[in-house]
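Accompanying notes for the structure given below.
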Amino acid sequence: MRKHPVILGLVLLIALGVVLYFFFYMAGAQSGNAGTQGFSLNDKIGVVPIEGVISDSLKITEYIDEFGKNSSIVAVVVRIDSPGGGVAASQEIYDAVVALKKKKKVVVSMGSVAASGGLLIACAGDKIVANPGTITGSISAIMQFANLEELLKKVGVKSSIVKSGQYKDIGSPMREMTPEERIIIQELVDDIYNQFIDVIVRDRKMTREQVVAIGDGRVFTGRKALEYGLVDQLGDMAAAAKLAGELAGKNGKYDLVYPSKKHPSIFDYMFESAANQFSQSVKEKAEKWGGVSYLYHP
């Protein structure tokens, strides 16, 4: 007996629908590796990764803004694995997290290192979760200068400087810093340091005396940071994600969603020369080490 073509078509259509449903369900379940796209019945928790020395805030603040606008994201985990970096860049990311916190619950997960500028950013979250062995702290500001004067003398090189102000070449590697210049730089570093202290006092609900007592540049473990009141609990990334869901009022299953990656086009591959890549690399290195920093540098 021949099957009716309409019934056969409906059966095939239903089978195709079931296959597509499970395909998109699995894609959503694996959305932690596939950006913000994908279908899932689980709650979605965004993950903002902050890794390495912080030299620029643009990419990270874009990630934060992306999750802030995504209505399917119920909460956000900021995963920090960084020794800190530039003062302005760290402060801009901190401000972005504070703005995000007005829209969604934010939990900070500290990885191997979350020191100095990394700790500053962490203070913006609703809660901070650290591993017992996380290296954190380094509450301090630093500005480094090289003095090449003696080296230049040995190779027979002299420097001539024409300036419009007494302190225009302050920090020049061509000569020793004067006592007056050292005072100016110290005042600058102290002001930036006090801005760091102010953030911890305000966000961690600690007294200024408590923060200053441990704010001498030392580093300590996540377990010690818990004793000092700098973190809220010990745990890994999974613990931070679970906490984020609970703060958002979601106690069920969740998927971790990472920022969408922008893949370079064939045009970029064809016309971006090795010389340009080298130039950009040098520029990034210079940005990482230039100026005053919230940076733990063993």
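Derivation of every value follows stated rules applied to the coordinates shown; laboratory data play no part. Please read these numbers as outputs of a predicted model, since none were measured by experiment. A quick note on method: Cβ atoms are made from the backbone with ideal geometry, for glycine too, and the neighbour counts reach across all protein chains shown.
Things to note:
- Subset of LYS59/LYS250; LYS69/LYS127; LYS105/LYS205 violating a 24 Å alpha-carbon distance limit: LYS59/LYS250
- Each peptide in 118-128, 152-162 receives the mean, over its residues, of other Cβ atoms within 10 Å, and ordering these scores from highest gives 118-128, 152-162.
- Prolate/oblate/rounded label for segment 141-205 (Cα gyration tensor, a/c 1.5): prolate
- Shown in residue order for segment 42-48 are the 3J(HN,Hα) couplings computed by the Karplus curve 6.51 cos²θ - 1.76 cosθ + 1.60 at θ = phi - 60°: 7, 5, 10, 10, x, 10, 9 Hz (x for Gly and Pro).
- Separation of the GLN195 and ARG223 label points, Cα + 7 Å toward Cβ, nm: 3.6
- Positive-end residue of ASN194, MET110, GLY137, charge dipole of segment 100-199 with Cβ unit charges: MET110
- Stokes-Einstein diffusion coefficient of segment 165-241, Kirkwood radius over Cα pairs, 20 °C, 1.002 mPa s, in µm²/s: 138
- Partner aspartates and glutamates for LYS253 [C-alpha distance under 12 Å; skip if fewer than 8 residues away on the same chain]: ASP43
- Global geometry of segment 36-177, whether rounded, prolate or oblate, following the gyration tensor of its Cα atoms and the 1.5 cut on a/c: prolate
- Less than 5 angstrom separates the built amide H of LYS105 from those of VAL76, all sequence-distant by 5 or more or on a different chain.
- What the Cβ-Cβ distance of MET177 and ALA238 gives, at R0 = 35 Å and to the nearest 0.05, is a FRET efficiency of 0.10.
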